[in-house]
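The values are calculated or read from the model by the stated rules, or taken from the named source; none is laboratory data. Computed from a prediction, not measured in an experiment: that's the story for all the values here. Methodologically, a virtual Cβ is constructed for each residue, glycine included, from the backbone with ideal geometry; neighbour enumeration extends over all protein chains shown. Keep in mind that these areas ignore ligands, DNA and RNA; they rest on the heavy atoms of the full protein, side chains included. Shrake-Rupley method; radii C 1.70, N 1.55, O 1.52, S 1.80 Å.
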Amino acid sequence: MAAGYVEILRARHALRLLAGTLVGRLPNATAAIALVLFVRAEGGSYSLAGGLAAVYGVANAVGQPVLGRLVDLYGQPRVQLPAAVLAALAMTVFALCGTDPLPLAYAAVAVSGLFAPPLEGGLRALWPSVLRREDQVHTAYAMDAIAQEVMFTVGPLLVTLCVSVWDERAALLVLNLLGVLGALSVVVSPPSRAWRSAPREAHWLGALRSPGLLALLAAFLFIGIALGSITVAAVSYADGHGGDAVYGWLMAGLGLGALAGGTVYGARRWAGSPERRLRVLVALLAVCYLPLTLTPGTVAMVLLSVVSGVFLAPCIACAFIIVDRHAPRGTVTEAFSWLVTTFTVGASVGTGLAGPVVQAGGTVWGFGLPSVAGAVSLLVLLATGGVLAAPARGAVVAASSENDPDRAAEPRFSSGDRA
């Protein structure tokens with residue numbers, strides 16, 4: 001199983017790009033917890049902390065596709081590094097000035113979220129030029145999804161480590177410095193400097209003019225809702241079964257399940273179209289959420305949380321392939337960024353919906369919401385099956401830095417029927 005992943009990591013530049021992207025995304029991945037800890041240390045309320053975290057999230061959701069489009073137009077180094085520096089400088093202003101004056105705090109956090117560089121989409125655009133073989137690219141997508149689970153587990157631990165060694169202000173500064181260094185490591189690499197987006201048709205909708213991509217984004221909005229609602233339901237469950245420690249175990253179980261599922265999924269090749277496979281994966285995801293409504297004892301609930309996460313990373317990895325198939329020529333980074341934005345917005349909506357649901361019907365209803373959202377996602381995929389069946393474009397064009405000293409454009413993979 002590990003052979004395919006080792007082969008990818010041994011490819012020239014692959015490990016550097018993956019590690020640089022993960023480190024570069026640390027400020028974004030840890031923003032919510034770092035902001036809450038800092039605001040509380042400054043004597044602010046949880047309402048203020050939540051408001052600042054929400055502003056960061058909204059700004060980030062707006063900025064990702066916008067910056068993704070700029071990357072497609074002007075290349076990665078000219079967009080990613082300046083964006084990372086601006087985001088870090090804005091968060092530095094917030095860390096040094098604190099929450100007073102309040103308008104400055106909100107503005108600084110908003111700017112930081114808005115300019116968080118779209119490193120995720122950039123990495124997925126680079127994989128075909130780095131790995132060459134289509135089956136390797138699909139495995140890399142799965143490895144990317146797995147790495148995200150690891151990062152969202154390690155990131156909060158890194159925040160708490162910085163706080164314990166220094167303080168909350170230092171945590172913000174250190175994480176954003178690491179973010180700039182990660183982005184720098186990516187953009188100075190030969191694949192990033194050589195990469196050029198395919199020629200694109202001028203259109204104000206950009207990647208969103210693809211019906212297939214819109215269908216996928218609609219489906220993933222509800223998957224995001226499912227994931228966001230679980231976090232609130234898990235808090236409600238933990239309140240009656242041991243507190244914060246139990247909540248941590250439930251979230252760790254969810255991440256462990258996603259890690260295991262993504263590892264197995266990416267270790268083999270799958271026959272058939274990824275669109276058809278995604279419908280099966282989403283159906284299994286919805287079914288695996290359902291046992292959480294049993295709300296058994298703590299040990300059994302943690303085991304159920306592991307099961308509930310098994311199909312999350314495979315769904316995400318499969319969606320990456322579909323994005324690549326349906327993104328209009330010259331919009332691949334923007335298209336991937338839209339997927340990130342949609343998933344983030346969905347998670348926020350799920351968090352907001354789960355609160356009233358838990359308040360009205362208790363923990364059981366809260367855990368029922370992820371299954372309902374998963375079922376709606378499946379219905380969206382089934383209703384748009386005809387649109388998803390026909391990719392919007394054929395092979396796109398990308399520049400490679402290897403075996404091509406003149407940086408000539410060459411065909412990228414069109415992500416056919418094997419993944």
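Odds and ends about this structure:
- Condition check for VAL163: free of Cβ contacts under 8 Å to residues at least 24 places away in the same chain, farther than 25 Å from LEU388 by Cβ and part of a helix (DSSP H, G or I): no
- Spans of helices (runs of 4 or more DSSP H) in the stretch 315-398 with at least 2 residues under 30 Å from HIS241 (Cα atoms) and of a type in the set (A, V, I, L, M, F, W, C): 332-361, 363-383
- Hey, LEU96 out of contact with any Cys (no Cβ under 8 Å at 6 or more places or on another chain), surrounded by fewer than 23 Cβ atoms within 10 Å (Cβ to Cβ) and in contact (Cβ under 8 Å) with a residue 12 or more places away in the chain or not: yes
- Any hit, the stretch 180-202, residues being open to solvent by 40 Å² or more (accessible area, probe 1.4 Å), among the aliphatic types (A, V, I, L, M) and under 21 Å from the mean Cα position of the chain (by Cα): yes
Table: residues versus (1) over 24 Å from the mean Cα position of the chain (by Cα); (2) modelled with pLDDT under 90; (3) surrounded by 19 or more Cβ atoms within 10 Å (Cβ to Cβ).
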position	(1), (2), (3)
PRO82	no, no, no
ALA87	no, no, yes
ALA105	yes, no, yes
ALA108	no, no, yes
LEU126	no, no, yes
VAL130	no, no, yes
HIS138	no, yes, yes
THR153	no, yes, no
PRO156	no, yes, no
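- Some residue of the stretch 303-324 being modelled with pLDDT of 95 or more and over 23 Å from the mean Cα position of the chain (by Cα): yes
- For beta carbons closer than 8 Å, sequence separation of 6+ or different chains, a first residue in the stretch 213-231 that is within 10 Å of VAL376 (Cβ to Cβ) and buried (at least 24 other Cβ atoms within 10 Å of the Cβ) and a second that is among the polar types (S, T, N, Q) and modelled with pLDDT of 90 or more, the qualifying pairs are ALA219/SER377; ALA219/THR384; PHE222/SER377; ILE223/SER377; ALA226/SER371; ALA226/SER377.
- Which listed residue, of LEU18, LEU9, LEU67, LEU22, is at pLDDT 90 or above, open to solvent by 10 Å² or more (accessible area, probe 1.4 Å), over 20 Å from PRO156 (Cα atoms) and in a helix (DSSP H, G or I): LEU67
- Applying a threshold of 6 Å to beta carbon distances and a minimum spacing of six or more residues, or different chains, the list of pairs starting in the stretch 16-39 at a residue that is free of Cβ contacts under 8 Å to residues at least 60 places away in the same chain and ending at one that is open to solvent by 10 Å² or more (accessible area, probe 1.4 Å) reads ALA32/ALA53.
- Residue within the stretch 301-315 that is in contact with a Phe, Trp or Tyr (Cβ under 9 Å, 6 or more places away or on another chain), of a type in the set (Val, Ile, Thr), open to solvent by 10 Å² or more (accessible area, probe 1.4 Å) and farther than 22 Å from LEU378 by Cβ present: yes
- Any hit, the stretch 35-43, residues being open to solvent by 30 Å² or more (accessible area, probe 1.4 Å) and either modelled with pLDDT of 95 or more or acidic (Asp, Glu) (or both): yes
- Test result for ALA327, modelled with pLDDT under 90, open to solvent by less than 20 Å² (accessible area, probe 1.4 Å) and in contact with a helix residue (DSSP H, G or I) (Cβ under 6 Å, 6 or more places away or on another chain): yes
- Only residues that are closer than 23 Å to ARG325 by Cα, aliphatic (A, V, I, L, M) and surrounded by 19 or more Cβ atoms within 10 Å (Cβ to Cβ) were counted across the stretch 232-284, and they come to 3.
- Residue match in the stretch 273-287 (condition: of a type outside the set (A, V, I, L, M, F, W, C), at pLDDT 95 or above and touching a Ser or Thr at 6+ places or on another chain (Cβ under 8 Å)): no
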